[in-house]
1. Being away from the ligand (no atom under 16 Å from the Cβ) and assigned to a helix (DSSP H, G or I): is that true of Val79 here?
2. For region 256-270, what are the residues that are under 14 Å from Lys287 (Cα atoms) and within 14 Å of the ligand (Cβ to nearest atom)?
3. Under 7 Å between Cβ atoms, which residue pairs at least 6 apart in sequence (or on different chains) link something in region 271-294 that is within 16 Å of the ligand (Cβ to nearest atom) with a partner that is in a helix (DSSP H, G or I) and small (Gly, Ala, Ser)?
4. May I ask you to list the residues in region 295-310 that are aromatic (Phe, Trp, Tyr) and within 13 Å of the ligand (Cβ to nearest atom)?
5. For region 149-184, which positions are at pLDDT below 85 and within 14 Å of Lys120 (Cα to Cα)?
6. Can Leu106 be described as outside the structural domain of Leu231 (by TED's automatic domain parsing), touching a strand residue (DSSP E or B) at 6+ places or on another chain (Cβ under 7 Å) and not in a helix (DSSP H, G or I)?
7. Just to verify a result, which residue in region 223-269, among those that are under 22 Å from Pro47 (Cβ atoms) and part of a loop (DSSP other than H, G, I, E, B), is modelled with the lowest pLDDT?
Amino acid sequence: EMFGQLTSGLESAWSKLRGVDVLTKENIAEPMRDIRRALLEADVSLPVVRRFVQAVSEQAVGVGLIRGVKPDQQLVKIVHDELVKLMGGEVSELVFAKTGPTVILLAGLQGVGKTTVCAKLAFYLKKLVLYIPEEIDVFPILREDPHGKSCMLVAGDVYRPAATDQLKILGEQVGVPVYAPGIDVKPAQIAKQGLEEAKKMKADVVIVDTAGRLQIDKTMMDELKEMKKVLNPTELLLVVDAMTGQEAAALVTTFNIEIGITGAILTKLDGDSRGGAALSVKEVSGKPIKLVGRGERMEDLEPFYPDRMGGRILGMGDVLTFVEKAQEVMRQEDAEDLQKKIMSAKFDFNDFLKQTRTVARMGSMSRVVGMIPGMGKVTPAQIREAEKSLKVMESMINAMTPEEREKPELLAESPARRKRVATESGKTEQQVAQLVAQLFQMRVRMKNLLGVMEGGSIPALSN
Ligand code: GDP
């Protein structure tokens, strides 16, 4: 289990809050010590741990009560959000050049997995793209791009003949051409020729491997600087090994100061790495982790999602989702206000739309993750299905008048109105009726969510 030790270390923190009514300075002292210890044992650097613990403590004591959420669950949520923040918050995507080939220059010490990453990256770029729907803030989806990006690999590691051979073999495996003029040519020269070659071939992306050494030395840095000058890379990524913990973060910092990099790739996250690297790199160096390697196979490279990583570290996705749902309700409207709305049956199609989007986003995200306990894996087809039904609902709601959106009763009572919405949205009357029924079911569910136990009624639609 990835970061298993960290996960169980944190669990002991929550366990000390069972049965507590509210978080106070006193009762969080011991859990905070557990959190501190767990992070240090995971090899997170001390200044980072200090800032983290401070930030969590402050929020924990100041946090307001959320109905139905227990204090230990609240602390889990606060720790989760801080972990995500620590790791950079948002996913940091690869940048692509607007014109000409995108140049990705890879640097790193020997044995970190740099050569493997070259091929994995080509495989990743060829096959998959991160699709982010434009219209609304829906979940990003990994999709197969029928075209993908055409890639070329450049063998710039001339000191280890085996590295060149390895790159050629891997290139063949993933079906990507490898430019390798031999080991008698200077790396900067290879880089220049490689780029020319890529332009001729009209490759979308050219990935340049460089020599790794056992440790940082001047020759290595000078060589990289020269290659950077020649290539003007779109991305200069440092490949670091997750097993090296906070040392990885220190390396990213050094390389960034010395040559200026755009981010890091963290490899070997599948091993028994303790989490220190994943948690420290961004905070220590200011540079994001863009991709992570989680195995030796070509498909074992993926974008680094701080939020998913946070969920995995905590091993508590279900609790997070629950607290988030409760908080979402709190955020959308003042809770009292929403409660009143529901009590007076004012929860309308505008709220429905907001809620549906939220639920869809959380649901699908968690399934894409496939890591949240209690939630099965979902296929891309199912995700597309969910996305499609959301679009269908939206088009029907868009066909409603403002009055109908605010008073769904109008639609429940009038088949003529439902018919009009159906016609305008190009859907069937049955679909509209279903949507209206769903809204009333939602009212009942919302009531339950807020702990208002007297059951609501679902009106039968008149014909
Ligand atoms: P380089 O010296 O940096 O080019 O490193 P290589 O690409 O030759 O990789 C060194 C070793 O690490 C190889 O045996 C790879 O299969 C292995 N490796 C690379 N990435 C990963 C990873 O994400 N997980 C695991 N378990 N092994 C990896």
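The values are calculated or read from the model by the stated rules, or taken from the named source; none is laboratory data. If you're wondering where the values come from, they're calculated on a predicted model, not measured in any experiment. Counting neighbours? That spans all protein chains shown, and the Cβs are built from the backbone with ideal geometry, glycine included.
1. Details: away from the ligand (no atom under 16 Å from the Cβ): yes; assigned to a helix (DSSP H, G or I): yes.
For Val79, the condition - away from the ligand (no atom under 16 Å from the Cβ) and assigned to a helix (DSSP H, G or I) - is met.
2. To start, the set of residues in region 256-270 that are under 14 Å from Lys287 (Cα atoms) comprises 256-266.
Once the filter is applied, which keeps residues that are under 14 Å from Lys287 (Cα atoms) and within 14 Å of the ligand (Cβ to nearest atom), region 256-270 yields Ala264, Ile265, Leu266.
3. Pairs that qualify, where the first residue is within 16 Å of the ligand (Cβ to nearest atom) and the partner is in a helix (DSSP H, G or I) and small (Gly, Ala, Ser), are Ser273/Ala242; Ala277/Ala242; Ala277/Ala248; Ala277/Ala249; Ala278/Ala242; Val281/Ala248; Val281/Ala249; Ile289/Ala278.
4. So in region 295-310, the residues aromatic (Phe, Trp, Tyr) come out as 304-305.
Residue satisfying the conditions is Phe304 alone.
5. Within region 149-184, Gln173, Val174, Gly175 meet the criteria.
6. For Leu106, the condition - outside the structural domain of Leu231 (by TED's automatic domain parsing), touching a strand residue (DSSP E or B) at 6+ places or on another chain (Cβ under 7 Å) and not in a helix (DSSP H, G or I) - is not met.
7. So, considering only residues that are under 22 Å from Pro47 (Cβ atoms) and part of a loop (DSSP other than H, G, I, E, B), the one modelled with the lowest pLDDT is Gly245.
The rows are residues; the columns are (1) more than 30 Å from Pro161 (Cβ to Cβ); (2) surrounded by fewer than 19 Cβ atoms within 10 Å (Cβ to Cβ); (3) modelled with pLDDT under 90.
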position: Val22; (1), (2), (3): yes, yes, yes
position: Arg37; (1), (2), (3): yes, yes, no
position: Val44; (1), (2), (3): yes, no, no
position: Glu58; (1), (2), (3): yes, yes, no
position: Leu83; (1), (2), (3): yes, no, no
position: Thr99; (1), (2), (3): yes, yes, yes
position: Gly111; (1), (2), (3): no, yes, no
